[in-house]
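Student: Mind having a look at this structure? Questions to follow.
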Amino acid sequence: MTFRKAVFYNPLGNGGLEKKGKGDCMETGFREGVDKDLLSRWGVDALLVAGADSLVYLFNLEFPFSTQFPEKPVLVLSVKGRDPLLYCPFEFRRAALDQGWKAEIVHYSDGLQDPWATAARTLSERINASGAGGITVGCELRRIPEVFFAALREGCGKARWKGIDGPLDDLRSEKSPAEVGHLKEAAEQLEYGLVGALQHLEGSLEENGYTLAEFCERIRVHVYESGGTASGLSAAAAGTGKTLWYSLPRGKFIPGELVRLEASSRYKGWWAVTSRMITLGEADALQQRSFRENMLLRNRALELLVPGTTGAEIFHAVHDLAASEGIPFRDEFGLGHGIGTAERESPFLSPDDDTKLREGMCLVLAVYTEGPGRELICVKDTYCLQAAGPLCLSAYFSWDTLYEVTGFRSAH
């Protein structure tokens with residue numbers, strides 16, 4: 001079987017790389033803020049990175065649609081002492097250049113029969129040329145197909161391979177001040193997007209002509225207007241979908257109903273997620289009580305969301321409180337997760353995660369309980385762990401009470 005040769009893209013018209021002095025190179029290609037000695041710390045001579053979220057974290061390269069096309073690999077090979085190499089589809093090369101990538105780009109067209117096979121051959125050639133005695137390559141083993149990895153090992157007979165998924169997860173879990181700033185910016189953009197959509201809902205309350213799908217679209221539009229660079233999930237859980245963890249938004253808002261609004265978005269590759277609870281009109285006594293029960297469990301989790309505890313300890317404490325108070329806690333969803341260049345990443349606030357929480361970790365707290373009609377109640381916020389207690393990155397104002405949509409925009 002033969003494959004069409006991939007193309008070495010030359011952004012500067014001089015043979016593929018910017019002219020440099022003797023011995024000069026882009027080092028690792030890592031973005032500012034990433035330890036340039038990371039390869040030495042991990043005991044490897046090279047890194048092969050395949051995850052879309054890892055490309056953002058290590059190299060500041062965001063390709064928003066790459067996760068939707070697993071058959072189209074996007075890879076970066078970074079070798080000590082050599083310029084890094086980006087292997088990507090033809091349509092992504094301009095995005096890489098626009099984001100400041102100055103090193104080699106190997107791109108392929110949609111007509112390439114098997115881009116993973118071509119990637120194995122291309123990267124094998126580069127790895128073999130990097131050390132006569134063979135080098136150690138750190139690789140995201142969870143992110144690459146087994147067939148591709150087998151071809152790499154066959155093509156690089158002298159190379160040694162080391163999985164770096166665990167160390168990379170651990171590195172990403174603790175955020176620098178600049179990374180916390182990215183997450184705060186993303187969270188605020190999403191919050192403004194949701195509040196902007198709520199303002200439109202207030203203005204259309206008398207006509208009651210507002211559909212759930214239109215509301216979700218308005219969240220997306222307002223996120224972009226606030227500076228967001230990509231949208232994710234937008235869902236309004238009401239009507240037949242109010243008891244489900246996720247359902248497509250169908251129908252219109254119904255007066256008197258308890259509604260859960262969920263959304264996610266990105267800012268330059270850094271994620272934000274939110275969930276807010278509203279009622280159409282004034283909330284009744286049962287809705288208010290159910291919401292207060294949710295806040296009781298949420299506040300218990302916040303008390304324990306400090307460095308030194310584990311996700312499992314927090315989960316069990318909330319579970320025990322719910323049992324003692326008779327609160328319908330939906331424990332199958334866990335209590336939350338880390339967030340960064342992935343929407344969900346370690347650590348996890350779940351019964352089986354014994355990771356010790358550390359200062360600088362950023363997590364989404366998400367406590368699900370049931371309302372009087374078995375509606376799922378959840379308020380999601382992003383917190384940065386600090387010695388003095390968790391710092392909320394996402395609240396435009398307090399969501400500790402139910403938001404009642406009554407037709408008055410002054411509520412904002």
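Values in this text are rule-based calculations from the coordinates and carry no lab data. The shown structure was predicted, so the numbers you read here are calculated from the model rather than taken from an experiment. Methodologically, a virtual Cβ is constructed for each residue, glycine included, from the backbone with ideal geometry; neighbour enumeration extends over all protein chains shown.
Student: In terms of the ratio Rg/(2.2 N^0.38 Å) built on C-alpha atoms, what value belongs to the chain?
Tutor: On the way: Rg = 24.1 Å, N = 412, 2.2 N^0.38 = 21.7 Å.
Dividing the Cα radius of gyration by 2.2 N^0.38 Å gives 1.11.
Student: With runs of 4+ DSSP H residues as the only contributors, calculate the mean residue ellipticity of the chain at 222 nm using -39,500 (n - 2.57) per run, divided by the residue total and rounded to the nearest 500.
Tutor: On the way: 10 runs with 128 residues, N = 412.
Value at 222 nm, helices only: -10000 deg cm²/dmol.
Student: How big is the dipole moment of the stretch 7-172 about its Cα centre under a simple scheme where the beta carbon of each Lys and Arg is +1, that of each Asp and Glu is -1, and everything else is neutral? Debye, nearest 20, please. Don't skip to the answer; put the middle values down first.
Tutor: Values: 21 positive and 23 negative charges, 104 e Å.
Here the stretch 7-172 has a charge dipole of around 500 debye.
Student: Something else: Beyond a 26 Å Cα-Cα separation, which of these cross-linked pairs lie in this structure: Lys36/Lys268; Lys356/Lys380; Lys102/Lys184; Lys72/Lys102? Could you put the intermediate results ahead of the total?
Tutor: On the way: Lys36/Lys268 21 Å; Lys356/Lys380 22 Å; Lys102/Lys184 29 Å; Lys72/Lys102 22 Å.
Lys102/Lys184, as the Cα separations exceed 26 Å there.
Student: I'd like the trypsin sites (Lys or Arg not before Pro) in the stretch 231-277 restricted to DSSP loop residues with at most 15 other Cβ atoms within 10 Å, sorted by number.
Tutor: Details: sites: Lys242, Arg250, Lys252, Arg260, Arg266, Lys268, Arg276; in loops: Lys242, Arg250, Lys268.
Listed in order of number, the matching sites are Arg250.
Student: Let me ask something additional. Kindly rank 299-312, 157-170, 369-382 from highest to lowest mean number of other beta carbons found within 10 Å of each residue.
Tutor: Working: 299-312: 17.4, 157-170: 15.2, 369-382: 20.0.
Listed from highest to lowest mean packing, they are 369-382, 299-312, 157-170.
Student: While we're looking at this one, here's another question. Roughly how far apart, in whole Å, are the Cα centres of the stretch 217-268 and the stretch 297-311?
Tutor: 27
Student: Given 10 °C and 1.306 mPa s, compute D for the stretch 46-141 with the Stokes-Einstein relation, Rh being the Kirkwood radius over Cα pairs; round to the nearest whole µm²/s. Walk me through the intermediate numbers first.
Tutor: Numbers: Rh = 13.7 Å.
In µm²/s, the coefficient is 116.
Student: Looking at the P(r) of the stretch 239-288, how many percent of alpha-carbon pairs lie beyond 12 Å? Before the final figure, lay out each step's value.
Tutor: Details: 855 of 1225 pairs.
Of the Cα pairs, 70 percent sit more than 12 Å apart.
Student: At a threshold of 8 angstrom on Cα-Cα distance, excluding pairs fewer than six apart, so keeping six or more, what relative contact order does the stretch 177-411 reach in percent? Don't jump to the answer; show the numbers that get you there.
Tutor: Working: 522 pairs, mean separation 52.8, N = 235.
After rounding, I find 22 percent.
Student: In Å and whole numbers, how far do the C-alpha atoms of the stretch 7-172 stretch along each principal axis, longest first?
Tutor: Sorted largest first, the three principal extents are 38, 34, 32 Å.
Student: To one decimal place, what orientation-averaged projected area in nm² is obtained for the convex hull of the Cα set of the stretch 177-411? Write out the running numbers ahead of the final one.
Tutor: On the way: hull surface 47.0 nm².
The Cα convex hull of the stretch 177-411, projected and averaged over all directions, gives 11.8 nm².
Student: Give, rounded to the nearest 20 debye, the magnitude of the charge dipole that the chain has about its Cα centre when Lys and Arg contribute +1 at Cβ and Asp and Glu contribute -1 at Cβ. Mind showing how you got there, number by number?
Tutor: Numbers: 45 positive and 56 negative charges, 321 e Å.
Magnitude of the dipole: close to 1540 debye.
Student: For the stretch 64-105, state which GluC sites (Glu not before Pro) are in a DSSP loop and have at most 13 other beta carbons lying within 10 Å of their beta carbon.
Tutor: Details: sites: Glu71, Glu91, Glu104; in loops: Glu71.
Sites meeting the loop and neighbour criteria: Glu71.
Student: Still on this structure, please answer the following. What are the semi-axes of the equivalent ellipsoid for the stretch 192-280, taken as the square roots of 5 times the Cα gyration tensor eigenvalues, largest first, in whole Å?
Tutor: Numbers: eigenvalues 97, 44, 18 Å².
Rounded to whole Å, the semi-axes are 22, 15, 9.
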